[in-house]
Amino acid sequence: MTHSAPAPAPDTAGASRTYEVRTYGCQMNVHDSERLSGLLDDAGYVPAGDGSQADVVVFNTCAVRENADNRLYGNLGRLAKVKEERPGMQIAVGGCMAQKDRDAIVARAPWVDVVFGTHNMGSLPVLLERARHNSEAQVEILESLDVFPSTLPTRRESAHSAWVSISVGCNNTCTFCIVPSLRGKEKDRRPGDILAEVEALAAEGVIEVTLLGQNVNSYGAEFRDKGAFAKLLRAVGRVEGIERVRFTSPHPAAFSTDVIEAMAETPTVMPQLHMPLQSGSDRILKAMRRSYRSSRFLRILEEVREHIPHAAITTDIIVGFPGETEEDFEATLEVVRAARFSQAFTFQYSIRPGTPAAEMEDQVPKEIVQRRFERLTALQDEIAWEENRALVGTRQEILVTGEPDEEHGRFSGRSEDNRLVHVRVQDSAGMPRPGDVVSARIDAAKPYFLLADSGYALRRTRAGDAHDRAQAESCGTGGSAPAAAGPTTLGMPTLRAGL
C-alpha cells in the first residue's frame, strides 16, 4: 500500500547513508532492533555517529501502555521540521504499534516514509528503497510471520551478552494485553537451530545468553513436547564457552518442576527468575484471564527456593485493573510481602483499545490508582532494600557491562542473580573491560543496586577480548561498534542518585 508524501531523496551515490534505531518496550523489541540494525548494515547503511542526525530514523514501537501513542507521535512531530531541512531523510515506524495502527500512522504523520509490522521486519531495506524511488510512503503489514527473526542479520548491542529468540507470539488471552493480536500465535524454533545460534555466539566471544519468548516456558507447544523448555535449558547450559544462561519471561500457569530442576542442576543457568504476578487478588486474576491463582504462584516461588535457596525473583504487577477494590489491592500487597521480590516492575493499568479489559466497567479512577501505585512501590522498595542489605559482606561474581563512570569512579555489572552492582575502580587490580568478570565483596546496598568499594579480583574473558576487537574494528571503519545501533528504552526503573 502506498501514500503520496515524502520528497524524493537526493542522489547519494558514493556516500553511505546513516541510520538510527530507536526502541521502546520489552526485551523482544530490543532483540528485534538488533535485527533491524543488522538488516540495515547488510543493505549498506552505517550507524549514525553520536550527536549526528541520521539519514534514516527507525522507530521500533510498543503498544502495551497508554502513553505509547503520545511518545511516538511526539517524537515524529519533532522530526518533521528536521526532515523539512534535510531532503532525502527517511522515517520508518515498525513494531507493535505499527502492526496495530497501520495506515493511521501515515494519515496522522504524512512525513513518515515506511510503516512495517511485527511479521515482516526483513522487508525494511526494500521498503525504504521503494519509498525513496517512488517518492511515496510504503505501508506493508503481514498477518503472519514472514521469516523467523533470528534468521535475519543482527548488530548486537553487546559483545558479551546476547538475546536468543526461541519463540514468537503468544497463545494466551490475557484481557489487558494486546500482544497476541499483534505478534500472532506462538511459533517455536527447532531446538537444533537455537543451539546452532548459541554455539555461533559462543564462538564470537559471547559468554551470556538470554532465551526470549512471550511465554518462554511454553516452548515446545507447537511440536507437542511439554518437556522441551527444560531440555533446552540443559542443552544451552552445556554449550562450551557460555558461562551464564538466563530466560524471560515465563508464565506461572505453565511453570513446571522439570524447569526448576533444570535450573538447579545446570551450573550455567543463573539463580534468577522473572515471574510475572500481575495481581495478588484471585478475583482480579480471573478477570485478567490469568490461569493461576495467588496460592499457585507462591507455591512456585517456594519450590524454586527449595531447589535454589539464593535465587533472586523479580516480577511484574499491574495496579488499578478494572474493578480492583481496596480488598483486591490489599491481596496484592500481601503476596508481595510473602514473595520477597528482589525487584518489581510496577505499572498503572491503562486502557488499550482492542483488549477486552478496555470495555470493562468499573474503571478505577486515576487518583486512586496513583495512590495505590505509590503504596506498592514504597513497600517493594523497602523489601528490595532489606533483601539487598542481606548481601552486604558476601562475595559476588560480577559480569562487567560498561566502561567506568568518571564522575563516581565506578564501573557497573551484573551479579549472577542479575542484581546491578557498582564497583569502585582499583588501579592496582587492573581495569576490567565490558565482558570481563570481577569477584568483589559487597560493602553497601541501596534498593536498586549494590556497592563494592573494597577491591576486586579480575578475570579476563573471551568476551572482554571480543569487546577489544569490536572497539578496534570501530576505529578502523568509522564507528560501527556493537553499541552504535542506537538508544534503547527498556522501561527499567531509573537508578536513584547517591552513587
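Values quoted throughout were computed directly from the atomic coordinates according to the rules given, and no laboratory measurement underlies them. Being a predicted model, the structure only gives us computed values, none of them experimental. In this analysis, Cβ positions are derived from the backbone assuming ideal geometry, glycine residues included, and neighbour counts consider all displayed protein chains.
I need the semi-axes of the equivalent ellipsoid of the range 149-389: take the C-alpha gyration tensor, multiply each eigenvalue by 5, square-root it, list largest first in whole angstrom.
So the equivalent ellipsoid measures 32, 21, 16 Å along its semi-axes.
Send over the per residue convex hull volume for the range 332-460, Cα only, as a whole number of Å³.
Expressed per residue, the convex hull around the Cα atoms of the range 332-460 is 152 Å³.
Kirkwood Rh over alpha-carbon pairs of the range 216-348, then Stokes-Einstein at 25 °C and 0.890 mPa s: what D in µm² s⁻¹, rounded to an integer?
Answer, rounded: 157 µm²/s.
Only bridges with both residues in the chain count here: give the DSSP antiparallel percent, nearest 5. Don't skip to the answer; put the middle values down first.
Numbers: 25 of 69 bridges.
If we restrict to bridges inside the chain, about 35 percent are antiparallel.
Considering the convex hull of the alpha carbon atoms of the range 110-251, report its projected area averaged over all viewing directions, in nm², one decimal.
Mean projected area of the Cα convex hull: 10.2 nm².
Can you compute the radius of gyration and Dmax for the chain, using only the Cα atoms, both in Å?
In Å, with Rg to one decimal and Dmax whole: 23.0, 67.
Sequence neighbours fewer than 8 away in the same chain don't count; with that in mind, list the aspartates and glutamates whose C-alpha is under 20 Å from residue 446.
374, 381, 382, 386, 387, 397, 405, 407, 416, 417
What translational D, rounded to a whole number of µm²/s, comes out for the range 2-140 from Stokes-Einstein when the hydrodynamic radius is the Kirkwood one over Cα pairs, at 10 °C and 1.306 mPa s?
So the translational diffusion coefficient is about 107 µm²/s.
Could you state the orientation-averaged shadow area of the convex hull built on the Cα atoms of the range 414-460, in nm² to one decimal?
Across all orientations, the range 414-460 yields a mean hull projection of 3.2 nm².
Let's test this: bin the Cα-Cα distances of the range 199-253 at 10 Å from zero up to the farthest pair and state each bin's percent.
23, 49, 25, 3
How about residue 83: which lysines have a C-alpha closer than 30 Å to its C-alpha, ignoring those fewer than 8 places off in the same chain?
The reachable lysines, counting only those whose Cα sits under 30 Å from residue 83, are 100.
Using the alpha carbon gyration tensor of the range 317-388, what are the three equivalent-ellipsoid semi-axes (square root of 5 times each eigenvalue), largest first, in whole Å?
They are 25, 12, 10 Å, listed largest first.
How much of the DSSP bridge set in the range 149-389 is antiparallel, in percent, rounded to the nearest 5? Each step should come with its number before you reach the end.
Values: 2 of 23 bridges.
Rounded to the nearest five, the antiparallel share is 10 percent.
With a point put 7 Å past each Cα toward its Cβ, work out how far residue 265 is from residue 196 in nm, to one decimal.
A separation of 2.8 nm, rounded to one decimal place.
Which of 398, 447, 412 sits farthest toward the positive end of the charge dipole of the range 395-463, with +1 on the Cβ of Lys and Arg and -1 on the Cβ of Asp and Glu?
The listed residue farthest towards the positive side: 398.
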